[in-house]
Protein chains: 2
Amino acid sequence: MQQEVILAMLAKEASHGYELRARLRDALGPLGEAMNAGQVYVTLTRLEKAGLLAVERSADDADRSDRKVYTLTPNGQQRVTEWIAEVSWPKPDLAEFHLKLIAAASAGLADPLTIVDTQRRELLRRLRDAQRAAMAEPSRSNAALLLEGIVLRLQADLRWLEACEKNWTHRRRIS
Amino acid sequence: MQQEVILAMLAKEASHGYELRARLRDALGPLGEAMNAGQVYVTLTRLEKAGLLAVERSADDADRSDRKVYTLTPNGQQRVTEWIAEVSWPKPDLAEFHLKLIAAASAGLADPLTIVDTQRRELLRRLRDAQRAAMAEPSRSNAALLLEGIVLRLQADLRWLEACEKNWTHRRRIS
DNA sequence: ATCCCCATGTCTAACGGTTATCCATATTGC
DNA sequence: GCAATATGGATAACCGTTAGACATGGGGAT
């Protein structure tokens, strides 16, 4: 959970930490299930220390003044604005699997083709799950859109596994 | 850099930390450029503390006995074996961008379609870079294979951006 | 010979994301 | 009434990453 996501959610309205988590889960659909509240609070605490948000005592829950409402500071607001204008994308994370194949082969630990095959089965299973989940969501909803991205990702990764299979098959022939 | 990758590389042969990094970089091609040695040493230290590898004083460099050679312990060997048999895949990481769009729209910070457009340009640039890099690598090499995966990934993500554009265009019409 | 740069090799503090678990209070269902 | 659940908060620890520091030796330029 990137810090800026939390800040951006607070740009709309101040919230309790728990409420923030609920809003994030709502936006993520099934993919937000695994998000735990501890994560949100850790991030909120760090952001507060950095002066990007402030804590107010809840006014709404008159009999529960121990409840915190988190709200952006001007610095926090500015950070959100900057973030919106920034362009970034997650770093590719295929290296671990790639290195697994290489290490397994070079150390004689396993047949890379077997590893690829097993992985393919898992990705196919995940693909089916994601497609099923997407169809269960309302059309054009936030969750459906995100799941669509996951589906496309998995399809691309499966194509890469095909390429891995070909590559390692060829190497096996050579050696 | 996942711990098990380090362990698996050591399954082939014991190495200096710096040597390990070189071997990893070799396997990753251009994508390994950013990997710094500090990262490897942090991981090696943690693994040593966990009893998965041991340190021996370098015998090869007779006049440089302060050099360390890292080698697997039996527990480390076992962990590698287990890892090879495990099936996992990186968690999807499209949520941050997705939430950026949602937050920007709901807090009135920016037009999601503008964000998508800007991001698309960036991904296209990265795609060209990756394709160019792939062509510069020897055919069927480790680096070429990994770059192929990156290319496929970027293509999938661009497709998702198309879907995002459609989705948010439709929402704009509705509201 | 001396100096500087680079390569090999090692180390470390800090940041940020994640996870598991704990605590507190109020509400709901049996 | 009691247990389970929901709302709300907190924290230690782990792990990957990053930036930067340090040490030694070799090679090239002066």
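Quick notes on this one:
- Helix B:74-85 axis, angle to chain B major axis (alpha carbon atoms, nearest 10°): 30 degrees
- Sparsely packed GluC sites (Glu not before Pro) within segment A:31-119, loop by DSSP, other Cβ within 10 Å at most 12: A:E33, A:E86
- Sparse-neighbourhood loop sites, trypsin sites (Lys or Arg not before Pro) in segment B:100-152 - DSSP loop, at most 15 other Cβ within 10 angstrom: B:R140
- Cα-based helix-to-principal-axis angle, B:3-12 vs chain B, degrees rounded to 10: 40 degrees
- Comparing B:S88, B:S15, B:S141 in a Gaussian network model of chain B where C-alpha atoms under 10 Å apart are linked, the largest mean-square fluctuation is found at B:S88.
- Checking the Cα-Cα distances for A:K68/A:K91; A:K68/B:K166; A:K166/B:K100; A:K100/B:K49; A:K49/B:K100 against a 30 Å cut-off, the pairs over it are A:K68/A:K91; A:K68/B:K166; A:K166/B:K100.
- Identity and axial distance of the chain B residue whose Cβ lies nearest the axis relating B to A, Å: B:A156, 2
- Shown in residue order for segment A:18-29 are the 3J(HN,Hα) couplings computed by the Karplus curve 6.51 cos²θ - 1.76 cosθ + 1.60 at θ = phi - 60°: 4, 5, 4, 4, 4, 5, 5, 4, 5, 6, 9, x Hz (x for Gly and Pro).
- Nearest 10 degrees, 0 to 90: helix B:37-49 Cα axis against chain B principal axis: 60 degrees
- Pairwise label distance in nanometres, A:R140 with A:R121, each label 7 Å out on the Cα-Cβ vector: 4.2 nm
- Each other copy places its own label point for B:W89 at 1.9 nm from this one, sorted shortest first, where the point lies 7 Å along the Cα-to-beta carbon line.
- Each other copy holds its own label point for A:S139; taking that point as 7 Å from Cα along Cα to Cβ, the gaps run 4.7 nm, nearest first.
- Estimated FRET transfer efficiency when R0 is 51 angstrom, pair A:Q39-A:R173 (beta carbons, to 0.05): 0.60
- J(HN,Hα) series, segment A:152-164, from Karplus relation 6.51 cos²θ - 1.76 cosθ + 1.60, nearest Hz, glycine and proline x: 4, 4, 4, 5, 5, 5, 5, 5, 5, 4, 4, 5, 4
- Relative to the other identical copies, B:V55 shows label-point distances of 4.0 nm, where the label point lies 7 Å from Cα along the Cβ direction and values run shortest first.
- Derived scalar couplings between HN and Hα for segment A:90-104 equal x, 5, x, 10, 8, 4, 4, 5, 4, 5, 4, 4, 5, 5, 4 Hz in order, rounded to whole Hz, by the Karplus curve 6.51 cos²θ - 1.76 cosθ + 1.60 (θ = phi - 60°), x for Gly and Pro.
Taken together, the values in this text are just the output of simple stated rules run on the coordinates, not laboratory data. Values in this document were obtained by computation on a predicted structure and should not be read as measured data. With ideal geometry, Cβ positions are generated from the backbone for all residues, glycine too; neighbour counts draw on all protein chains shown.
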